[in-house]
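The values are calculated or read from the model by the stated rules, or taken from the named source; none is laboratory data. It should be emphasised that the depicted structure is a prediction, and the values quoted were computed from it without experimental measurement. Note that we place each Cβ from the backbone using ideal geometry, even for glycine, and neighbour counts take in every protein chain shown. Surface areas here come from the heavy atoms of the whole protein model, side chains and all, with no ligands, DNA or RNA. Shrake-Rupley method; radii C 1.70, N 1.55, O 1.52, S 1.80 Å.
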Amino acid sequence: MRKALRWLLALTVLIGTLSTAGAATAAEPEATGTTDIKERLLSVPGMSLVEEKPYTGYRFFVLNYTQPVDHRRPSKGTFQQRITVLHKDTARPTVFYTGGYSVSTTPRRAEPTQIVDGNQVSMEYRFFTPSRPEPADWSKLDIWQAASDQHRIFKALKKIYSENWISTGGSKGGMTATYYERFYPRDMDGVVAYVAPNDVVNKEDSAYDRFFAGVGTKECRDRLNAVQREALVRRAPLEKKYEAVAAENGYTFDTIGSLDRAYEAVVLDYVWGFWQYSTLADCEQIPADAKNATDEEIWTSIDTISGFSFYTDQGLSPYTPYYYQAGTQLGAPTIRFPHIERKYVRYGYQPPRNFVPRSIDMEFEPWAMRDVDTWVRHNARQMLFVYGENDPWGAERFRLGHGARDSYVLTAPGMNHGANVAGLVADEKAFATARILDWADVAPSTVQENPAAAKPLAKFDAKLDKRDVERQRTLRP
């Protein structure tokens with residue numbers, strides 16, 4: 001992603017389905033005469049325990065794993081990478097999850113984990129704190145190094161969890177699962193990548209303009225566009241409010257360069273952010289008459305969706321690794337604003353370079369995404385890509401070519417950046433669930449005979465079956 005990246009709120013999206021099939025298997029008993037799972041995990045060279053947290057039916061561990069900073073030169077230093085293990089039973093399949101950012105230390109179950117009723121290993125992406133080498137050599141933050149982190153964790157834990165493995169993740173995590181498969185295609189037995197952008201040609205982003213010209217309804221688009229434009233028309237009084245908020249909270253703007261730049265960046269994220277995390281029904285909350293709305297109403301609408309704290313130094317700092325990758329390999333979308341006169345737009349979509357401290361060198365590699373895209377089109381095996389109909393990130397998505405086998409791209413109608421298998425139309429939901437069960441080698445005989453009968457093997461858990469989605473702001477070139 002690279003040009004238009006949205007705010008990062010902690011949006012909780014339920015990823016389970018309320019239909020519950022069969023009883024979930026019980027957690028593996030500890031007193032069976034075999035070595036306790038904690039001892040087995042800690043017997044892995046380089047593995048250490050941070051803490052264990054209780055959760056009914058599981059064992060949940062927060063761990064550190066020693067990784068080389070450079071997998072090509074492992075003797076050149078190491079760092080501690082944080083991972084978590086949601087342990088069910090070594091006789092069950094294992095789901096390898098990453099969100100592409102920091103890892104949650106609260107027990108969570110990704111949708112495929114509920115579907116297969118299995119274990120879950122979750123990895124924090126390198127360079128997100130605390131999984132950052134010290135000192136940080138940013139040249140070692142790339143998609144191959146991160147894939148090699150996963151490969152090394154998999155090799156270490158496959159000795160304990162010997163059944164089938166499926167990798168998964170959403171957004172940057174879905175991209176991460178895809179890159180892992182590209183570089184280490186023999187590790188996983190299946191891949192479930194949610195809402196994964198695929199910016200193959202970073203300078204050609206007309207797909208996003210077409211998306212915004214037709215998403216939702218004209219009434220909703222007009223409301224959003226009018227509020228966004230009005231926020232730039234009223235720049236002077238609203239920036240005075242921004243100055244007061246910044247002074248009150250101690251916000252600074254050294255990385256982006258000025259409060260003025262930050263203000264425009266937040267405003268230009270507004271329409272994208274709405275469609276990424278809201279639904280058409282939420283349009284009722286958008287001011288219907290922007291020209292006659294109060295300054296407070298315009299401010300509140302922009303702040304609620306985009307977040308004026310984000311482009312501050314304090315807001316950007318935790319996401320430096322993301323912006324670094326957006327500006328060196330991943331790319332990011334550019335969009336146009338035909339509803340706003342040029343005189344109101346001073347900077348336009350600013351590049352990822354503007355969101356990373358100048359002390360960190362960056363150089364874009366245009367071949368990185370082309371390589372992955374070509375590989376997926378011609379070599380995908382047992383890969384499922386799920387997108388949301390109203391999610392802007394899906395405008396440039398992964399597609400399959402003639403060389404792909406047992407791989408699929410499905411779209412959840414009306415859904416946003418929280419799209420999942422449960423949100424697919426009924427026949428596609430059953431089909432996708434059946435494929436996941438088959439890849440994990442746990443499909444019941446009834447599903448093998450009739451895929452339309454496929455349902456998750458574990459019961460829905462309101463606390464466990466939700467994910468904290470990293471809100472990706474739209475980065476610009």
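List of remarks:
- Failed item, numbered, when residue 41 is tested on (1) modelled with pLDDT of 95 or more; (2) loosely packed, with under 12 Cβ neighbours inside 10 Å: (2)
- For the range 227-253, the set of residues classified as surrounded by 14 or more Cβ atoms within 10 Å (Cβ to Cβ) and not in a helix (DSSP H, G or I) consists of 234, 251, 253, listed by residue number.
- Only one entry in 157, 224 is surrounded by fewer than 23 Cβ atoms within 10 Å (Cβ to Cβ), over 16 Å from the mean Cα position of the chain (by Cα) and in contact (Cβ under 8 Å) with a residue 24 or more places away in the chain, namely 157.
- Residue 199 falls short on exactly one of the conditions (1) open to solvent by 50 Å² or more (accessible area, probe 1.4 Å); (2) touching an Asp or Glu at 6+ places or on another chain (Cβ under 7 Å); (3) not aromatic (Phe, Trp, Tyr), and that condition is (1).
- Hits in the range 264-281 (condition: of a type in the set (A, V, I, L, M, F, W, C) and within 21 Å of residue 232 (Cα to Cα)): 265, 266, 267, 268, 271, 272, 274, 275
- All positions within the range 415-452 that are open to solvent by 70 Å² or more (accessible area, probe 1.4 Å) and in a loop (DSSP other than H, G, I, E, B): 441, 450
- Residues that are closer than 20 Å to residue 200 by Cα, surrounded by fewer than 18 Cβ atoms within 10 Å (Cβ to Cβ) and touching a Ser or Thr at 6+ places or on another chain (Cβ under 9 Å), drawn from the range 398-414: 400, 401
- Of all the listed residues (110, 91), the sole one being among the small types (Gly, Ala, Ser), open to solvent by 40 Å² or more (accessible area, probe 1.4 Å) and within 23 Å of residue 188 (Cβ to Cβ) is 91.
- Residue list for the range 53-88, filter: more than 23 Å from residue 179 (Cβ to Cβ) and open to solvent by 70 Å² or more (accessible area, probe 1.4 Å): 54, 56, 75
- Some residue of the range 254-262 being polar (S, T, N, Q), in contact (Cβ under 8 Å) with a residue 12 or more places away in the chain, assigned to a helix (DSSP H, G or I) and open to solvent by less than 70 Å² (accessible area, probe 1.4 Å): no
- Residue that is farthest from the chain's Cα centre (by Cα), among those in the range 160-197 that are of a type in the set (Val, Ile, Thr) and within 29 Å of residue 208 (Cβ to Cβ): 191
- Residues satisfying the stated conditions in the range 386-397, i.e. touching a residue at least 60 places away in the same chain (Cβ under 8 Å) and open to solvent by 30 Å² or more (accessible area, probe 1.4 Å): 397
Yes/no per residue for (1) among the acidic types (Asp, Glu); (2) out of contact with any strand residue (DSSP E or B) (no Cβ under 9 Å at 6 or more places or on another chain):
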{"residue": "339", "(1), (2)": "no, yes"}
{"residue": "353", "(1), (2)": "no, yes"}
{"residue": "356", "(1), (2)": "no, yes"}
{"residue": "361", "(1), (2)": "yes, yes"}
{"residue": "366", "(1), (2)": "no, yes"}
{"residue": "374", "(1), (2)": "no, yes"}
{"residue": "383", "(1), (2)": "no, no"}
{"residue": "389", "(1), (2)": "yes, no"}
